[in-house]
Each structure stands twice: as C-alpha cells, then as structure tokens.
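A.B. asks: Please see the structure below; I have some questions.
The values are calculated or read from the model by the stated rules, or taken from the named source; none is laboratory data. None of these values were measured; they are calculated from a predicted model. Cβ: placed from backbone, ideal geometry, glycine included. Neighbour counts: every protein chain shown. Protein only, heavy atoms only, side chains kept; ligands, DNA and RNA dropped before computing areas. Shrake-Rupley method; radii C 1.70, N 1.55, O 1.52, S 1.80 Å.
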Amino acid sequence: MFYNIGIVFLRVTLLGFVLTGLALPADVSFSKQVQPILEARCLKCHGEKMQMAKLDLRTREAALKGGEKGPSFVPNDPEQSSLYRKVAGLEKPLMPMDGKLSNAEIGILRDWIAQGAKWEGTIGDAAPQQDVSALEDMKLPAGARDFWSFRKPIKAAIPKTGEPEWDRHPVDAFLRKAMLDRGLKAAPLAGPATLVRRAYLDLTGLPPTPDQVRQYTADTSPDAWEKLIDRLLESPAYGERWGRHWLDVARYADSNGYEHDFDRPNAWRYRDYVIQSFNKDIPFNQFLEEQIAGDELEQVTNNTLIATGFLRSYAKVGFREKDNPQFRYDYLDDMIATVGRGILGLTVQCARCHNHKFDPIAQKDYYKLQASLWGYVEVDLPLVPEAEAKAYAAKVKEIEDNVKPLRAAIKELEEPYRAKLMVEKYRKWPEHIQKAVFTPEADRTPGQVLLANQIIRTTNVSSEEIDRNVPAAELDKKRALEARIKEFERARPKAIPVAFGITDGDYRFTPDWAGDEPAPGKGIKQEVTEGSFLCDGTTPYQAPPSYFLHHGDSNSRGSVMKPGFVSVIDDGTMPTAVPPANHRTSGRRLALAHWLSSPGNPLPARVMVNRIWHHHFGRGIVTTLDNFGKAGDAPTHPELLDWLAVEFVEHGWSVKHMHRLLMSSRAYRLSSEFGGGGNLNIDAANLYWWKFHPQRLEAEVVRDNILFASGSLNTKMLGPAVFPELSGEVLASMDKGIWRKQKDGPEVWRRSVYVYRKRGLPLPFFEVFDLPDQNITCARRTTSTVPTQALTLLNNEWVLNQARRMADRIATLAPSGPEAQLDLGYQIALSRLPTAEERRIGLEFLSTHTLADFAHVMLNLNEFVYLR
C-alpha cells in the first residue's frame, strides 16, 4: 500500500515531537508577533499611501480579498498562501522588496497562517509608510560623475616610446608604451599572404581570390597596405559584413518570436538600410538619429522612415497591447535595454523596478527614458507620395469595411465548434493541468495562473479542424461567406511599398491588425474613449501619459513622467522634446536622438570605437562592450580609448575613418603565431596586444566562406530574405510564421546576412556556430568549441555538396594534375600555398582519395574557420 508522502512526513514529524518531548508550535500571537512584521515590512507598499498590485494588508478582509494576484493567504494552508510563499522565496518575486525576512519571521507567518490566520482589528495607523517622493527621486551621490566612463573623453598627448617603428602611429604609441611598462616583447609583422587574408575577412567577410593575393603581394609600393584597405572599404561586401555587426546590436529578425512567431514581411528593408548606411559611411551620429527618430527629422526620407525599424525590432507576442499593456511595458523595456546597452554601454534596464544596484542610475531615469519613447506605435510607413498612399488607404478601407462583418459572421459561426474542440484538446492534458485551465480565472492560485496561461496561449484550433467538425449546412454558410470575401478581395489594389517602423500615436486606439489576439487575462478597462490612433496634424499631437511605476508594478502608478535622460551623464542643457513642424509627433524621440549623438554625451563615441576595436582586434579595450558601468570591466588602455573617441567625433563620426586608422597601425599587422617568451608569464591573455589575437569566424562568415570556396556564392545584394533548405524534421517543429520551401541552389546561395532570421527556428548551421539569442541586443558573440561544429563540417549534406562543387572548380581551373590542384585548393581555402610538409601529405592523400575528399578536408581545417 502506498501513502501520500506529505501525510507520512506529517505523521513522522508529530511522532518526533511526542518521542522527544517537544511541544507542538505554540499559538502565534497576532498583535505581538505578526502585526509588527506586517507594519514594519509590508505596509510600506500595501498600506494607506500605496497599495502595490492593488493589495491592502491593513485588514483581514482586505488581505483575504487580495489584489491583482489573488488572496494573500489561505487560512490553515501556508503552502497555498502567496504571502508565505513569497517571503519564503518559494514564489517570485521575493518579498519584501527591501530585504529578506529572517527565518524566525518567516516561521511566524507560516505558523500563523497554519493556525487559521487569526486577526485583531485594523493595523497600520502608526505604521511607517513608504515616502513616495523618496521612491521617485534619487539624488546623485557625491562624486558619481567622477567614474571614468561618465567623464567627457579627453584627447591625451600621444606618448613617445623611442622606437621609431612604433612612434609613427598614435595607436601604436599608446599600445607600445603599455607593453614597455610591463616588459612585454612585440610579435614580428605577419607575412603578406596572412595580412591580405586578414584584411579581406575582416572588412568584407570573404577571403581574397588567388589573383587578389598575387596582386597585393606583387605591389611593392610603400602605400600598398593603405590602398588595399581603401579598395576593401569601397567594396559593397563591406556593408554586408559590418552591417551584420550592427544588426546583432539591433536584435534584428524577420519574425516576431515567442509563441506568435509571425512573419514580418517588410523587416528586411531595415536590414538593407543598415548595409547601405555602412557602405555610404553615413556619419554614426546621423545613423543613430535616423534610427531613433527618422520620422521626426527635418528632412524625412524613405530611408529615415525605414531606419525606425531599429526601435521596432523587439521580439513580441501577438496579443493586443491595448488589452494588456504589460506587454507594452516589456517592449519598452527592450527598447531601453537596446538603447542603453547598444548605444550608451549602460544597463539602464536594471533600474526598471528599483534604483540601479551598481551604477548611479535612478529608477526615475528609467521612466524618463520610457516617457521619451512612450508615444510610439507600430506602423507600416508608406514609401510612396502622400497622395498615392491616401488613395491606397481609402481603397483598402473600403474593402475592409465590406469584409469586416463577413469575417465576424464566420467567427460567430465557428466559435461554438472552436470552444468545443479547445475543451477536447485541454482534456488530453494531465489532471492537474486540466484543473488549472478549467478553474475560473479569479479563483486560480498563482501556480495555476502560470500553468493555465501557458496552455491557453499555446493551444489553437485551426479553421481546417473546425471545418471537419461543422455540419454540412453550416459549412455551406461558411463557404458562401468566404466566397463573398474573395469577391471583395479581388478589388484590393497592389500593395504599396512600406517601411516596418514606428511613429507617435496612442496605443490605446490601435486598430486590430491581422494576427492580433485578445490576450489571456482580464485586460484593462479602456482609460479614455475619445482619441485617435494617429494624429492628423490639425492640432498638435499630445503623447498619452506615462507614469513612474513603483517597483515596476503597472498597478502602482506614481507621478506622471516627463521625458528626460540619464542624469549622471546629462548636463541638463539639451531639450527633452523638439516638436516637429507637422505637429504629428511629440519630438521626444528626436530630442533623445540629439542627446545620444551630442558631443557632450561621453558614452556613444566611446562605445562605438570600442566596438570597432573589438571586431578588428578580437577583444575590446573595454571587454564588456555593452557595460561601461561599475560592474563592467575597466579599460586596459583608458587614454587610448578616449583618444579614439575624440578622434571619431573630430572626423565627423566616420566609421571608415576608424577602420583606416586602426588597420594602418603596426599592432593590427602583428603575427598571431608568436610565443613571446616571457610574455606568457606576464600577460597570457594577450590583454596588451603584443600579438594579433586570432578570431573564430562567425556562423554567417563560415557559411559564406564555404560558398566562396566552392565557387557557388551568389553575390546579389539586398531585397527579401532567402530560405535555405531545411529537413522535414526541422520544419515539422514550426507551428507559426513561415519558412518558405526553397530548394538548395543558386537562389539561396546568397550571403548569409540575407538568410531569413526566424526567431523560433534559426538556421541549424548558424546555431552550431554560436548564433546569438535573436531576441535581445548582442554586443559580443560567444565563441565555443564543441563537437557538433566538427561533426557538422564533416557530415552535413550541404557541406558535402559544396565540397564536391569545390572539387569540380579545382579540376576545371587546374586540369594539369594533383600538384596544381593541391596548390589551388590551398590558395582558394587558405589564401596561401602549402608548405613542403603539407604538399607531401596532400599528394599522398590525393593518391588514395578523390579530389572531393581533399576539398572536404580543406573546409574542415582549423585555419579555414579562423581569422589569423
């Protein structure tokens, strides 16, 4: 016979008390033991002045009624009581917010609830209430602005080392001075073949052809290296390579993500905008302004409208924000995290619920930034003249007005069958899940809420399933309604090009878009009944109010917030709104963009030059590329970093100028194959760049290089994404959005920056080679070395096919025999000729294996997937 383990444990515990002579827990005194805990630790946020989550703990009745999350306790059952579970850390968030209770205090609350939660009267009359103004204001501590990254960068004097070959270049002088101070030897310069490959891979993401290697190594002019850099910076492939770096920061993808991983059909225009901006060397401050406020600039163009896709590139669910604005708060948090980490190098998002734990960033700073962005709404911005856009919109509205009641009729017809089929699907789950789903929403425990929402969100009934269960007569009605819809749809005009972007509006009046769903949960009552989604400009636009949220709780609103910036790096001279002449937007984002790109802001230039340095040298001067705060790493060469930041601004925020400056240094041209003697005892991690730091190529570059080696690379630029062929098993895992079935061939053999970025279904080849999380901003990709990478290059059918194509290419270009084929294979794959030992081994291999086997070996070499 089996017993419930909880009952057995209880019996054993009781027996223990009897056998040891210990007494059972004594009755807990509410007034002497419980009330002091509640008054000192709980009523600050759940008392007279503030009732976070709409929870009032001053009376038993109010506590039993509970707030947004349900009753605070269940008498006689502490395990089902959220009050006990949260203070005990069994349920998040841990309460109270200002510090954990002692074990004794937790035990008192547990025993009190277990004994029925007796309560005498009302508490809190003399309880210390939370000072709301103190929550909303944090004074900067003395010396806060003295931290290195909060100070304005200064262009220090370039040091002199006394070594002419190092003193010629400012970057070299700073680096060599640090080496000499530590007794470090410098590596010799790398050979010409290594350097030309390094430059090509670094700037274009593609290796040089054998002819390009020969052209460079034959050029004996003193400026051969500088001319090579200039040629590569003018290559269209440069924007594809360096645009990809920024797309990581922008968390760009072609689909929504989460459970509603729907397609974003026009997102690719933002990707193309980024590529073209790098190719044109758009000044970085202008690049930032276009992405934050491209619709508010004095000169609005199609490109600036497309640029606003930067802010809209967050992952999202398909539930309507106007029903459940908690999703909107999450999207805004993602925007603030991306602007903070990607542009400022600060983890501003950590101040959402409280003042930043490490940096002098107040919670109020977070909500000032949120107010600057608050008015945003998602829109598809027309890329045609206004008159044409209006005519198109009017015709579409006419069709939608005719179709809307027909769709409603279909929905009404389907609803009873959908509800029945949903219940049948729920019945297939285990009993505890069914109980959570079928328990009325108001009566669910916190655990049941999480469980039920997860099941409800991910359970769907398709129209096809309904059709199979609808009586014939009802199905005929549905078909007739669908036929009428098709008649109206035939008149729908050809779609005009649009930008996937944002502008200002009022999210509370957002129209229902295709794919929108009412979110599970109670939603909110509509706050206002008069207003419009977008402003027509006849009267100035007014942003809807945004509030300070105490502890980040959307139900605990504080003061109405005005837009603003991060206080510790803001001198107060920049306006917080620059309303445009057309009166259709607030100008808050434009003011934010001006502040981000202003010379007085100490961080954006530093962060960007550090990011450029990282991609060239394999590691940043500040290793934590997106955290220049106190929890981040200190710069190894602070004076050099500041010198570069000032140089960047002085040269018009030109990214290409920084490339030329860094790549023309001696440090960039050092060999990576240098033991350094005693260097390893002093600086084993090469923090001071006494040699070049080898870098494993990113996933996209590995794929591109395989296509390049096989001669299959399709260099067509820009435009909609391509869909490399996936196995049936992988496709079967997709239940939302798209992955078009394109056969493996030239159409999909384009550069990897054009591969469809589906958040819920990344290309497996990319995942193996450390594709970052596509849902959040990424400053620096991790690099792993795992067996699946070698196994993919060895066994993947696509790789094997490309190896065969590479063999055919070698055979065609070098028909004279194995020796010429061996040389050409090395030149194509590694940009050099084989060594004598490699030649011996290679010829021996070719005597017993096919040329395709040899090509496959070349694609599997460590040197093939590393920039050295």
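A.B. asks: Run the numbers for Thr782 and Leu680: contour at 0.36 nm per residue of separation, minus the present Cα-Cα distance, in nm.
C.D. replies: 34.4 nm
A.B. asks: What whole-number value in Å² describes the accessible area per residue of the stretch 301-372 for a 1.4 Å probe? Display every interim value, and only then the final one.
C.D. replies: Values: 1700 Å² over 72 residues.
Per residue, the stretch 301-372 has an accessible area of 24 Å².
A.B. asks: Still on this model: Placing +1 on the Cβ of each Lys and Arg and -1 on the Cβ of each Asp and Glu in the chain, which of Phe287, His615, Thr835 has its Cα farthest towards the positive end of the resulting dipole?
C.D. replies: Thr835
A.B. asks: About its Cα centre, how strong a charge dipole does the stretch 185-247 have in debye, to the nearest 20, once Lys and Arg get +1 and Asp and Glu get -1 at the Cβ?
C.D. replies: Working: 8 positive and 8 negative charges, 60 e Å.
Roughly 280 debye, rounded to the nearest 20.
A.B. asks: Let me ask something else about it. Among Phe864, Ser29, Phe327, which residue has its Cα positioned farthest towards the positive end of the charge dipole of the chain, with +1 placed on the Cβ of Lys and Arg, -1 on the Cβ of Asp and Glu, and the dipole taken about the Cα centre?
C.D. replies: Ser29
A.B. asks: Over the stretch 177-264, give the accessible area per residue in Å² for a 1.4 Å probe, as an integer.
C.D. replies: Averaged over the residues of the stretch 177-264, the accessible area is 36 Å².
A.B. asks: How large is the helix-only mean residue ellipticity at 222 nm for the chain, computed as the sum of -39500 (n - 2.57) over DSSP H runs with n ≥ 4, divided by its residue count, in deg cm²/dmol to the nearest 500?
C.D. replies: Numbers: 36 runs with 385 residues, N = 868.
Result for the chain, helices only: -13500 deg cm²/dmol.
A.B. asks: Counting only heavy atoms of the protein chains, get the accessible area per residue of the stretch 691-838 (1.4 Å probe) and round it to a whole Å² value. Present the calculation step by step, with values, prior to reporting the outcome.
C.D. replies: Numbers: 6550 Å² over 148 residues.
Per residue, the stretch 691-838 has an accessible area of 44 Å².
A.B. asks: Provide the per-residue ³J(HN,Hα) series for the stretch 386-400, in order, calculated from phi with Karplus coefficients 6.51, -1.76, 1.60 and θ = phi - 60°, each as a whole number of Hz, with x at glycine and proline positions.
C.D. replies: 4, 4, 5, 5, 5, 5, 5, 4, 5, 5, 5, 4, 4, 5, 4
A.B. asks: Hey, what angle do you get for helix 472-489 against the long axis of the chain, alpha-carbon based, 0 to 90 degrees rounded to 10?
C.D. replies: Once rounded, the angle reads 50 degrees.
A.B. asks: Rule-of-thumb check for the stretch 612-752: C-alpha Rg over 2.2 N^0.38 Å? Walk me through the numbers on the way to the answer.
C.D. replies: Working: Rg = 20.9 Å, N = 141, 2.2 N^0.38 = 14.4 Å.
The stretch 612-752 yields a ratio of 1.45.
A.B. asks: Another question about this same structure. For the stretch 640-705, what does the relative contact order come out to in percent, with C-alpha contacts under 8 Å and a separation of six or more? Each step should come with its number before you reach the end.
C.D. replies: Working: 25 pairs, mean separation 16.8, N = 66.
Once divided by the residue count of the stretch 640-705, the mean separation gives 25 percent.
A.B. asks: Something else about it: Would you grab the residues whose amide H sits under 5 Å from the one on Ala499? Only those 5+ places off in sequence or on another chain, please, with H modelled 1.01 Å from N.
C.D. replies: Sorted by chain and number, the residues that satisfy this are Leu381, Leu383.
A.B. asks: Using +1 at the C-beta of Lys and Arg and -1 at the C-beta of Asp and Glu, which of Thr445, Asn469, Ile455 has the Cα lying farthest in the positive direction of the dipole of the stretch 434-478?
C.D. replies: Positive-most Cα among the choices belongs to Thr445.
A.B. asks: On C-alpha positions alone, give me the angle between the axis of helix 103-114 and the longest principal axis of the chain, in degrees, nearest 10.
C.D. replies: Helix 103-114 and the main axis of the chain meet at about 50 degrees.
A.B. asks: In a shell of Cβ-Cβ distance under 15 Å around Val34, excluding Val34 itself, what net charge do Lys and Arg (+1) and Asp and Glu (-1) give? Don't jump to the answer; show the numbers that get you there.
C.D. replies: Working: positive: Lys32, Arg41, Arg58, Arg60, Arg110, Lys118; negative: Asp27, Glu39, Glu105, Asp111, Glu120.
Charge balance in the 15 Å sphere: +1.
A.B. asks: Next question. Under a point spin-label approximation (7 Å from Cα along Cα-to-Cβ), what is the Ala62-Glu517 distance to one decimal in nm?
C.D. replies: So the label points at Ala62 and Glu517 sit 3.7 nm apart.
A.B. asks: Now, a different point. Please work out the C-alpha center-to-center distance from the stretch 647-690 to the stretch 623-639 and express it in whole Å.
C.D. replies: 17
A.B. asks: If you place +1 on the Cβ of every Lys and Arg and -1 on the Cβ of every Asp and Glu, how big does the dipole about the Cα centre of the chain come out, in debye to the nearest 20? If you can, show how the numbers build up before the last one.
C.D. replies: Working: 110 positive and 111 negative charges, 89 e Å.
That gives the chain a dipole magnitude of about 420 debye.
A.B. asks: Here's another thing I want to ask about it. Can you work out the Karplus-derived ³J(HN,Hα) for every residue in the stretch 726-736? Use 6.51 cos²θ - 1.76 cosθ + 1.60 with θ = phi - 60°, whole Hz, and x for glycine or proline.
C.D. replies: Once θ is set to phi - 60°, the couplings for the stretch 726-736 become 10, 5, x, 5, 5, 4, 5, 7, 8, 10, 9 Hz.
A.B. asks: Tell me the label only: which of [x] 0.96; [y] 1.10; [z] 1.30 is Cα Rg over 2.2 N^0.38 Å as calculated from this structure?
C.D. replies: Derived directly from the coordinates: [y].
A.B. asks: Next question. With the contact rule set at Cα under 8 Å and sequence spacing of 6 or more, what percent relative contact order holds for the chain? It would help to have the intermediate numbers written out before the result.
C.D. replies: Details: 1295 pairs, mean separation 150.6, N = 868.
Normalised by residue count, the contact order of the chain is 17 percent.
A.B. asks: Now for a separate question. For a quick check of your reading of the filter: which trypsin sites (Lys or Arg not before Pro) in the stretch 437-521 sit in a DSSP loop and have no more than 12 other Cβ atoms within 10 Å? Don't skip to the answer; put the middle values down first.
C.D. replies: Values: sites: Arg444, Arg457, Arg468, Lys477, Lys478, Arg479, Arg484, Lys486, Arg490, Lys494, Arg508; in loops: Arg444, Arg468, Arg490, Lys494.
Those that pass, being in a loop and sparsely packed, are Arg468, Arg490, Lys494.
A.B. asks: On to the next question. Within the stretch 116-221, report the chymotrypsin sites (Phe, Trp or Tyr not before Pro) that DSSP leaves as loop and that have at most 15 other Cβ atoms within 10 Å.
C.D. replies: Working: sites: Trp119, Phe147, Trp148, Phe150, Trp166, Phe174, Tyr200, Tyr216; in loops: Trp119, Phe147.
When the chymotrypsin sites (Phe, Trp or Tyr not before Pro) of the stretch 116-221 are filtered for loop state and at most 15 Cβ neighbours within 10 Å, Phe147 remain.
A.B. asks: Turning to a different aspect of this structure: What does the extension gain come out to for Val560 and Ala389, with contour length at 0.36 nm per residue minus their alpha carbon separation? Don't skip to the end; give the middle numbers.
C.D. replies: Working: separation 171, 0.36 × 171 = 61.56 nm, distance 3.61 nm.
Answer, rounded to one decimal: 57.9 nm.
A.B. asks: Here is a follow-up. Between the alpha-carbon centers of the stretch 460-493 and the stretch 266-325, tell me the distance in whole angstrom.
C.D. replies: 38
A.B. asks: Could you give the distance between the Cα centres of the stretch 744-786 and the stretch 176-247, to the whole Å?
C.D. replies: Taking the Cα centre of the stretch 176-247 as reference, the centre of the stretch 744-786 is 25 Å away.
A.B. asks: Okay, next question. Helix 268-280 against the longest principal axis of the chain: what's the angle in degrees, Cα atoms only, rounded to the nearest 10?
C.D. replies: 40
A.B. asks: Simple spin-label model, 7 Å along Cα-to-Cβ: Asp770 to Thr301 in nm?
C.D. replies: A separation of 3.7 nm, rounded to one decimal place.
A.B. asks: At 1.4 Å probe size, with the rest of the protein present, what percent of the exposed accessible area of the chain is carbon and sulfur atoms? Can you show the working numbers first?
C.D. replies: Details: 21960 of 39930 Å².
Solvent-exposed carbon and sulfur of the chain make up 55 percent of the total.
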